[in-house]
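Values quoted throughout were computed directly from the atomic coordinates according to the rules given, and no laboratory measurement underlies them. Since the model is a prediction, treat every value here as computed from it, not as a measurement. Virtual Cβ from ideal backbone geometry, glycine too; neighbours counted across all protein chains shown.
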Amino acid sequence: MIRIHRRCFGALGLAVLAASSMPALAQAPWPGDKPVTWVVPYPPGGTTDILGRAIALRLATSLGATVIVDNKSGATGTIGSAFVARAAPDGHTLLGTSIGPQAIVPSLLPKMPYDPVKAFAPVSLIGTIPHVLIVGAEQPFKTVAALVAQAKAHPGEISFASGGNGTVLQMQGELLRLQTGARMTHVPYKGDTPAIQDVLAGHATFMFAPVAAALPQIQSGRVRALAVTSASRLKALPDVPTMAQAGYTNFVVEQWQAVYAPAGTPVPVVQRLHDDIVRHLEDPELVAMADKLGVTLVGSTPQQLADTQKADLAKWAKVIKDAGVKPD
């Protein structure tokens, strides 16, 4: 059965239940007659939405349930997250989200509509997205050290772009500023693409950009890659050093995508969701799609997601406080 939801671009159908590591749950379709709603707290078309739809399609098959993708965007992802936080903890409402609403925005807003930890039951990390520090091809900088040296010599003249205030892209620029003591000016844009375009045009000096978004411009020579924020060099950019190799330790930063259920969701239900999602992340077609998006699929345990979120909440809270970052 196919059901169309009025707030999203598509819906996902009913299929035969696949085998599961939870025998008691695997003998019947997903409990209850309600459809499962996969909430994406961003507009359609972005990485979180594309990944969510691909996983939800497969989850509908393995759960034997109708799965609807519902884009509830706005307020830097907190509107959709708050909706899931208030939902019944019965396995019929899931949140496919990213690092922002769960680990960065809580330290920016004076009042959150939900507790980022207590309001949710972690299910699994989906994947991570590395970033790359880029400058326009006309900029003279060949290394991060040269960029930082210029920023120190001319305080406030070097600017860094981001896809918006409070994004992980801004946080990396703030982290570099804090680690080096260089005065740099943040220039927020409404999305990663216009930010990259202005770096390309020389209106902003540099930015930390998702690798997949920046790669075509790097390959064409229109921007120059100075370093990547991953723990090791990337296959797509083998000649580009990591931030650590560039001389900046404690600078491993990767945006993550994850799945949560409302707090109080029964452990067997969370485990079943986890098992099915992690199995789907091994689907070759999904792996190939994620590779094009610049996402490294992970498939963690619920506890590993909880630990990752806790660590990033503390990390970015300190950066936001020390850098004096304010919400829009």
In the structure shown, of 34/72; 142/321; 72/315; 111/310; 118/318, the pairs separated by more than 24 angstrom at the C-alpha atoms are 142/321; 72/315
How many nm is it between the label spots at residue 282 and residue 311, if each spot is 7 Å from the Cα in line with the beta carbon?
2.4 nm
Hey, rough spin-label estimate for residue 88 and residue 321, points 7 angstrom out along Cα→Cβ, what's it come to in nanometres?
4.0 nm
Please list the non-local residues whose amide H lies under 5 Å from the amide H of residue 72, H modeled 1.01 Å from N, same-chain partners needing a gap of 5 or more.
40, 42
Most mobile of 227, 288, 195 in a GNM of the chain (Cα contacts under 10 Å)
288
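Ranking 132, 269 by Cβ neighbours within 10 Å, fewest first, what do you get? Please list the in-between numbers first.
Numbers: 132 27, 269 20.
Starting with the residue having the fewest Cβ neighbours, the order is 269, 132.
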Obtain the nm distance between the two label points defined at residue 153 and residue 185 by a simple spin-label model: each point lies 7 Å from its Cα along the Cα-to-C-beta direction.
1.9 nm
At 0.36 nm per residue, minus the direct Cα-Cα distance, what do residue 304 and residue 263 gain on full extension? Give it in nm, one decimal, please.
13.1 nm
Between 117, 69, 105, which gets the highest mean-square fluctuation from a Gaussian network model of the chain, Cα cutoff 10 Å?
117
Label point 7 Å beyond Cα of residue 291 along Cβ direction - residues of segment 231-259 with amide nitrogen under 14 Å:
235-237
What are the residues whose amide H is under 5 Å from the amide H of residue 120, where those residues sit 5 or more places off or on another chain and H is modelled from the backbone?
263
Straight-distance crosslink candidates among lysines, where the alpha carbon sits under 17 Å from residue 292 and sequence neighbours closer than 8 are dropped
235
Place a point 7 Å from Cα of residue 79 in the direction of its Cβ. Which residues in segment 307-328 have their backbone N less than 20 Å from it?
327-328
Consider the candidate values (i) 20.2, 64; (ii) 19.1, 57; (iii) 20.4, 68; state which one is Rg and Dmax of the Cα atoms in Å computed from the structure displayed.
(iii)
Residue-normalised 222 nm signal for the chain, counting each DSSP H run of n ≥ 4 as -39,500 (n - 2.57), nearest 500 deg cm²/dmol, is -11000 deg cm²/dmol
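May I ask you to sort 167, 249 by Cβ crowding, counting other Cβ atoms within 10 Å and putting the fewest first?
Values: 167 24, 249 10.
By the 10 Å Cβ count, ascending: 249, 167.
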